[in-house]
Amino acid sequence: MSKSSIRDTFFEECEDLLEALTEGLTALEHAPEDDEVVNAVFRAVHSIKGGAGAFGLHDLVSFAHSFETVMDRVRARDLSIDRALMRIFHKSGDKLADLVEAARDESAFDATARDAVLKELEPFLGDAHDATEDEMDFGFATTPIGFEAAPLELDPGLDLPNPGLPDAAGRCSYQILFVPSADLYRHGHEPLLVLDHLAELGQIETTLDLRAVPDFDTLDHSSLYPGWTIRLETDRDRAAVEDVFEFVEGLCRIEIAEGDEIPDPDPEPALLPVAAYCVEAPDAPADADPATTRPQAPRADSEPNRESQKGPKPTLRVDLDRVDRLINAVGELIINQAMINQCIEELELPPTSQILNEIEDYKLLARDIQEGVMAIRAQPVKPLFQRMARIVREASEATGKQARLTTLGENTEVDKTVIERLADPLTHMIRNAVDHGLETPDVRRAAGKDASGTIRLSAAHRSGNVILEIADDGAGINRPAVRRKAIEKGLIAPDADLTDGEIDNLLFAPGFSTAAEISNLSGRGVGMDVVKNAVQKLGGRITVTSTDGEGSTFAIILPLTLAVMDGFVVSVADQTMVVPISSILETVSASANDIHIMGHNERLLLLRGRYIPIVDVAQSLQLTGPSPTETPIYLIVQNEGMGLSALEIGEIHDQRQIVVKSLDFQQGSIPGISAATILGDGKIALILDTEEIATRNAPSSQDVMSMLQFTGFEDV
Amino acid sequence: MSEAAELTVDETEEFVTFNAGDQMFCIKITQIREIRRWAPVTALPHTPPDVLGVMNLRGAVIPIIDLSARFGFGPTEPRERNVVIIAIHGDSSVGMLVQSVSEILSIAQGQVQDTSEVRTSASSNYITGIISSNDTMIRVIDLDAVLGKPF
């Protein structure tokens, strides 16, 4: 392994460590006395320092050292954590992240800002101020991410703790329940070696636990039933004990309890067939925590301090290019499957033909593979949310407002690209929420609210979409001000009659900014329209709701995957196109009696007593080919704030899963087209952007619409 | 001495010549991924007339432009010998419809006459050099200028 790749590994690891650090600091706010959490934070900082030392990153080492020293005093209970210290910790964490980034990119960093933070840390350094590096070893086992630290340990420059040194904390005892599954043997592991390894840590007493062995009649000879309860006396910490089981994680049930209490050997009723262990183990691979091994115990997202106690989850770092190659190949597979399907259909085989069954299986398999591959790219939004905590801190500091961030659903998984591309818009929205959304503490108190505002960031999966919400409990959108501003900017006519929703949507108009004065944070000329564009590029949309005096909520609705969607294959003029099913509320085949003319040539579709404007898709796309059918189909779609539109198309041919191919070679987007796909016959079909088509062409009696279209504000 | 000879060999480049709008053009062979027979493409709405549409190249969606139209010579007339030159453009590929492909020329660097001083009209902005071969003038195309900067 070359030096540079070790360096890369270090920085990858730093990312994990910084994440653990942020997580720990957040947990610390709620449980400042929790030793585990303090230790976790300390370990993260210490590991970064250690690695940085090995690569001669002195700036990083010296800063981490001060941070670690203060953290260590907290650990030794020399210092207690109060709000002020917490704030400094957060700042230090942020600065550490900056320094890591600067070191990684070999770029310059803001030394004054660092020194300012160092100065704040200084009063807390105490006597340990001039402690040498050697004294910093407290018998801590490596890093919280176990084996990934291995390449670093090869480097003699690292000040990793010496396991031989006794810990000042003294000996403590653990009760360990160890139930290997049959897979443990299948993978070539040997429990005896694990027990031997454990014995190296201290004194062990082992008791065989045969309670789980069932009656002979129900015994499955290929399963494994016995387990051991082990009492371990050691001077090492819990992480060291957990490390022993690192290689058999997921292959056995491990419960580690401190002290003399015996862990509940079987949280399930005793009669449960033991085979369940084997099934259960892979589901909860890394959980040494009894609370999470119980299947019925729901994993609460609001328990960040629990997370830090868990051992490392076995993960694999894979080059993203490899995953993308795989995803592309699977996309081809899906297309190929569709092609074969089409060929077979053309053969017009008898319905009893075996091949029809086989092709159906093939289809399902292809879908399975595709879903599995897409899942590789899916990542929890947690790191993204954690970054936002920092934005809230910085924004509230800059504006003199008090704000805290609460997050919900941070384990929601979203495509990696989505996470990457959402970072900037989300940052902007969070800043906006603090800067424009929240009131100053005085105003809040006067309104009978908590002086400190709350920004709630949540993520959830809902009906094939991912929904991210940014809600503040501020004053809500100041609609008269928005209206005034819009008139000022010429976005709407002075006498325009707008609903509340329409006014709220003006925030997304290009160049719109409500801040009366340009503040440090927002109002730099980029407005919500930039956010909106970013979200639309991801195939999503953004909505806003606001209640006077109670706050505003922005919701970003994104498709679950970017690469595959279900669509109708339709004909528009002489072209075959695809319409995403998710955008269609209803398809209607209407008779001439239901079509009504209004004005010059605006047509309305009468559907269940309601008139819906008709948009001719072919005309909208300037397609000149003849419509192949006399009886058009109407796709009813809903638009944000616009109500319904009926898109007129020729015919619906098929409904199928399609692989989305971007048209990003085109500079700027093509109006009305979101992407393309390859059909079963190898031809390319364009994917319609229904919302864009509906809103661009929808006739409207409101002058506001024509005004908005005139200024390029396309979909209200 | 022998070093100088080697250098000359190194400086020889191969160009593929083709017809577009009844004029001879060429591009470096290293810029070409493949050459395909013309097949109807999927048209893109709201695009200029020289963008013919997109085609499926083994699962990738690539744009096809009509080179003659882009040079301002009007659209290429459909003929049997029409081909699409798939050019490498940055990380992606772009197809260019041309009348026909003629031959591969081996040209020493010195034989390419620089046109940066004679560039005048819009169409000659696409041309970086001129090669004279068998009394024919062959125009060397600047792909970045024709297709825009790669993304």
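The values are calculated or read from the model by the stated rules, or taken from the named source; none is laboratory data. The structure displayed is predicted, hence computed values, not measured ones. Using ideal geometry, Cβ is built from the backbone for each residue, glycine included, and neighbour counts are taken over all protein chains shown.
So here's what we get for this one:
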| read-out | value |
| --- | --- |
| Residues (assigned to a loop (DSSP other than H, G, I, E, B) and either over 18 Å from B:Ala20 (Cα atoms) or in contact (Cβ under 8 Å) with a residue 24 or more places away in the chain (or both)) located in region B:63-77 | B:Phe71, B:Gly72, B:Phe73, B:Gly74, B:Pro75, B:Thr76 |
| Positions within region A:213-239 being of a type in the set (Gly, Ala, Ser) and crowded, with 19+ Cβ neighbours inside 10 Å, in sequence order | A:Gly227, A:Ala239 |
| Options A:Phe109, A:Phe63, A:Phe89, A:Phe42; residue that is out of contact with any Lys or Arg (no Cβ under 8 Å at 6 or more places or on another chain), among the aromatic types (Phe, Trp, Tyr), buried (at least 16 other Cβ atoms within 10 Å of the Cβ) and part of a helix (DSSP H, G or I) | A:Phe89 |
| Residues being within 26 Å of A:Ser92 (Cβ to Cβ) and touching a Lys or Arg at 6+ places or on another chain (Cβ under 8 Å) - total across region A:408-433 | 3 |
| Top-ranked residue in region B:54-78 [being surrounded by fewer than 20 Cβ atoms within 10 Å (Cβ to Cβ) and within 14 Å of chain A (Cβ to nearest Cβ); ranked as nearest to A:Glu692 (Cα to Cα)] | B:Ala60 |
| Top-ranked residue of region A:469-500 - restricted to ones that are of a type in the set (D, E, K, R) and closer than 28 Å to A:Leu457 by Cβ, ranked as surrounded by the fewest Cβ atoms within 10 Å (Cβ to Cβ) | A:Asp500 |
| Options A:Ile687, A:Ile649: the member that is within 13 Å of another protein chain (Cβ to nearest Cβ) and at pLDDT 80 or above | A:Ile687 |
| Some residue of region B:51-60 being at pLDDT below 85, closer than 30 Å to A:Met339 by Cβ and in contact with a Ser or Thr (Cβ under 8 Å, 6 or more places away or on another chain) | yes |
| Filtered residue count, region B:86-141, keeping only those that are assigned to a loop (DSSP other than H, G, I, E, B) and either modelled with pLDDT under 85 or of a type in the set (Gly, Ala, Ser) (or both) | 12 |
| In region A:98-141, the residues that are modelled with pLDDT of 80 or more, over 27 Å from A:Asp8 (Cβ atoms) and among the small types (Gly, Ala, Ser) | A:Ala116 |
| Index of the failed condition, B:Asn134 passing every other in (1) away from chain A (no Cβ under 14 Å); (2) in contact (Cβ under 8 Å) with a residue 12 or more places away in the chain | (2) |
| Cβ-Cβ under 7 Å pairs, at least 6 apart or on other chains, region A:96-109 side more than 15 Å from A:Gly56 (Cα to Cα), far side in a loop (DSSP other than H, G, I, E, B) | A:Asp98/A:Phe109 |
| Yes/no for B:Ile35 being aliphatic (A, V, I, L, M), at pLDDT 90 or above and on the phi < 0 side of the Ramachandran plot | yes |
